[in-house]
């Protein structure tokens with residue numbers, strides 16, 4: 001079989017050879033995660049080159065010469081197509097264009113390699129390609145895929161360097177796996193002790209932070225209901241003490257003030273207003289830690305009501321907590337909340353925005369709310385309500401609105417009909433069907449029309465407890481919208497109108513309130529435990545691999561009793577630890593070799609004979625049970641003159657070890673057996 005030529009030797013055709021097939025498989029496996037995202041020109045170039053190289057390996061057609069016009073034309077078309085793609089994307093050579101270029105170059109390089117040096121170049125290009133898989137996904141599954149492709153590529157590289165034993169694939173895989181296993185202790189020590197900066201070791205290209213689904217700074221009918229179709233993880237929260245009940249698990253995000261009659265938006269001026277002072281009430285304090293996935297927005301999600309906020313963030317007047325810039329990597333933070341709190345005084349801006357309604361909108365809702373207020377005022381003994389704060393009137397209006405939702409056959413549904421006119425009036429008087437954003441928006445409009453300052457709050461409510469990992473798992477499907485009204489003498493009070501219509505949404509989650517959402521694999525009772533274990537594994541991977549930063553490294557070393565680490569101290573520890581690991585590994589290897597060589601000769605001989613029997617059984621020359629081993633070996637030697645010397649040599653070693661009791665090492669038997677297998 002033809003082989004890849006050695007460096008400096010004649011460049012033979014690489015149409016054959018198992019090493020070529022292994023390298024083709026490794027390149028395809030490395031490119032596999034990117035194929036669905038490649039531009040057409042890169043995908044076409046890679047596919048054409050891979051098919052051409054595979055056909056040449058099978059002997060169907062020859063490889064093109066390096067300077068052949070067809071290959072040069074293919075390179076020119078690829079370069080031009082990628083240049084047009086980069087210009088059209090207006091993002092420069094970022095993640096997508098860079099990955100496309102690497103994949104296409106890897107494919108074209110397959111058409112060129114003929115010597116051992118070419119194998120090295122393809123291997124190095126493949127290593128770069130493997131790293132790019134982490135641009136899109138950093139899960140344990142991606143790491144396992146990368147490790148498997150690396151193993152395959154190393155086997156191909158090893159086979160190219162030792163063509164005499166290239167057919168012994170099982171031995172080759174075992175050897176490479178053993179080398180990787182020997183490197184694992186050094187890798188773990190380096191991972192734990194390598195000095196780490198406060199930020200990541202490298203930066204991703206700017207287009208690596210693509211937009212993700214999630215809450216935004218605006219809300220329109222249907223925006224949150226779309227999120228409930230996603231099982232994407234938003235954050236995981238662990239609590240000191242018991243898990244808070246569902247009625248307390250409101251994680252607030254953007255607060256919406258302004259509306260044009262359909263879309264609700266945040267008010268930027270709240271960031272410049274003096275921050276409100278949250279005064280904890282009599283309820284218990286809740287200490288918790290959140291691991292928030294990157295969402296490319298500035299806000300954090302905090303449990304109501306926030307008493308302390310994460311370091312590096314700032315709380316706006318409306319209790320929205322933001323970072324200075326969008327969150328582009330997974331972040332962990334600690335915070336404290338209280339179940340009850342007072343939120344200070346109402347600022348003039350809050351007073352004005354909390355009562356603002358667009359002119360000419362919500363005519364039906366205005367009339368309904370004014371009717372409630374008029375009825376409540378007339379029910380007073382004095383016949384009117386005196387000027388000034390009226391907290392009792394506020395709560396009476398809240399009760400009237402909630403009673404309206406309960407008593408008028410409103411329905412909680414994921415797919416409400418499209419409104420024909422005013423969305424709030426259509427919801428209140430025509431369809432009476434909606435999701436949480438419909439109820440929150442309608443409730444706030446009713447309160448404002450009745451003279452009560454109100455606002456819409458978006459965030460996440462509920463979540464799923466993961467007993468395996470001991471944390472609360474919150475997904476996009478837990479997105480929620482509720483309302484807050486101003487109550488004089490107390491501050492902002494949370495009111496969730498959805499709970500009046502679908503209390504099961506608050507107590508047991510959106511899957512209970514909307515059965516259509518409970519039919520996926522994530523909700524299957526039989527698979528619940530498996531999903532929780534998988535997510536616990538993902539969380540541990542996030543914490544100890546992806547999130548193992550300088551702070552976590554310092555805490556781990558402190559728990560191990562080591563002094564405060566500095567860069568020079570870590571470098572010394574790392575050098576000593578790596579040296580110790582290498583010495584222990586070498587000692588273990590030496591002891592294992594001595595044990596193998598000191599093994600009783602008959603046992604080693606029997607094992608070598610069984611391996612040889614398996615080799616010949618695959619060729620249809622199995623040893624019959626009644627035939628003695630030496631007679632079988634002699635029969636094989638007579639049948640195959642080319643293998644006779646090797647077979648006779650093995651028979652002599654076997655006879656010495658098995659019958660004469662003379663010392664024969666394991667290495668001698670293994671070398672003789674391999675000589676027989678190569679010849680036969």
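Every number in this text was worked out from the coordinates using simple rules, so none of it is lab data. Given the structure is predicted, the values throughout are model-derived calculations rather than measurements. Cβ placement follows ideal geometry from the backbone for every residue including glycine, while neighbour counts extend to all protein chains displayed.
Observations, loosely collected:
- Sites residue 187 and residue 32 - FRET efficiency at Förster radius 25 Å, r taken between beta-carbons, to 0.05: 0.50
- Cα shape, segment 327-430, gyration tensor, a/c 1.5 rule: oblate
- Separation of the residue 375 and residue 359 label points, Cα + 7 Å toward Cβ, nm: 3.1
- Exposure proxy for 118, 496: other Cβ atoms within 10 Å of each Cβ, ordered fewest to most, give 118, 496.
- Prolate/oblate/rounded label for segment 307-380 (Cα gyration tensor, a/c 1.5): prolate
- Approximating the spin labels as points 7 Å out from Cα along Cα→Cβ, the residue 642-to-residue 671 distance works out to 2.4 nm.
- Remark: segment 599-679 projects, on average over all directions, an area of 4.8 nm² (convex hull of Cα atoms).
- Residues of segment 461-496 falling in the label zone of residue 533, defined by backbone nitrogen less than 14 Å from a point 7 Å along Cα to beta-carbon, are 467-469.
- Multiplying the residue separation of residue 468 and residue 555 by 0.36 nm and removing their Cα-Cα distance gives an extension gain of 29.0 nm.
- Extending 7 Å from the Cα toward the beta-carbon at both residue 180 and residue 272 defines two label points whose distance is 5.7 nm.
- Segment 217-306: translational diffusion in µm²/s, Stokes-Einstein, Kirkwood Rh over Cα pairs, 20 °C, 1.002 mPa s: 136
- Full extension of the chain between residue 240 and residue 619 gives 129.9 nm of extra length, using 0.36 nm per residue less the Cα-Cα distance.
- Length released on extending from residue 329 to residue 314, taking residue separation times 0.36 nm less the Cα-Cα span: 3.5 nm
- Normalising the Debye intensity of segment 228-359 to I(0), with uniform scatterers on Cα atoms only, and taking log10 at q = 0.10, 0.11, 0.14, 0.19 Å⁻¹ returns -0.36, -0.44, -0.71, -1.21.
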